[in-house]
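Contents: one structure, followed by commentary.
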Amino acid sequence: MLLDQVERDVKAAGLPALEWYDVLWAIEREGPLRQRDLARHMLIARYSISRLIDRMEGDGLVARRICPEDARGALVHATPAGRALRNRIWKVYDSAMRAALAPLTDKEKAALAALLFKLG
């Protein structure tokens, strides 16, 4: 339910789906990634990643480059436009998460974080 609210807020701000954010955030955290490795960082079916990267590349947000370790594969890099979009999405994402968690006390937030960390 929480992610549904975040998704609605992101969409209302005229920004793309959270999957786009996930791609850009994974690349920012890990550096350029092969598509198969990128899929492991996301809550998206592996078979969908290629189409998603195609759309993002078409919008100039990511670029595929030859992978030096695997000539058959490509590394997905974020472009400056992709990094800027991730920052814009984050502002909405952060605000939506803060609003959703506002009813919790600091102690409850800490307990929730500990439980989620344990599951992750």
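What follows draws every value from the coordinates through simple rules; no lab data is involved. All of these numbers come straight from a predicted model, not from anything done at the bench. Positions of Cβ are generated from backbone atoms using ideal geometry, with glycine treated the same way; all protein chains shown enter the neighbour counts.
Within the range 101-117, being out of contact with any helix residue (DSSP H, G or I) (no Cβ under 9 Å at 6 or more places or on another chain) and surrounded by 12 or more Cβ atoms within 10 Å (Cβ to Cβ) holds for one residue alone: Ala111.
Among residues of the range 1-18 that are more than 19 Å from Arg83 (Cα to Cα), those with a Cβ under 6 angstrom from a residue that is in a helix (DSSP H, G or I) and among the β-branched types (Val, Ile, Thr), sequence gap 6+ or separate chain, pair up as Asp9/Val92. Scanning the range 50-59 for residues that are more than 19 Å from Val92 (Cβ to Cβ) and either touching a strand residue (DSSP E or B) at 6+ places or on another chain (Cβ under 9 Å) or touching a residue at least 40 places away in the same chain (Cβ under 8 Å) (or both) returns Ile53, Glu57. Collect the residues in the range 70-120 that are within 17 Å of Ile27 (Cβ to Cβ), part of a helix (DSSP H, G or I) and not hydrophobic (A, V, I, L, M, F, W, C), keeping them in residue-number order. Once the filter is applied, which keeps residues that are within 17 Å of Ile27 (Cβ to Cβ), part of a helix (DSSP H, G or I) and not hydrophobic (A, V, I, L, M, F, W, C), the range 70-120 yields Pro80, Gly82, Arg83, Arg86, Asn87, Arg88, Tyr93.
Residues in the range 86-120 that are β-branched (Val, Ile, Thr) and over 28 Å from Gly60 (Cα atoms): 1 in all.
Would you be able to say whether some residue in the range 24-33 is within 27 Å of Gly120 (Cα to Cα), touching a Gly at 6+ places or on another chain (Cβ under 7 Å), surrounded by 13 or more Cβ atoms within 10 Å (Cβ to Cβ) and not basic (Lys, Arg)? There is at least one residue in the range 24-33 that is within 27 Å of Gly120 (Cα to Cα), touching a Gly at 6+ places or on another chain (Cβ under 7 Å), surrounded by 13 or more Cβ atoms within 10 Å (Cβ to Cβ) and not basic (Lys, Arg). When each of Arg65, Arg46, Arg98, Arg86 is tested for being surrounded by fewer than 15 Cβ atoms within 10 Å (Cβ to Cβ) and either in contact with a Phe, Trp or Tyr (Cβ under 6 Å, 6 or more places away or on another chain) or touching a residue at least 24 places away in the same chain (Cβ under 8 Å) (or both), the lone residue that passes is Arg65.
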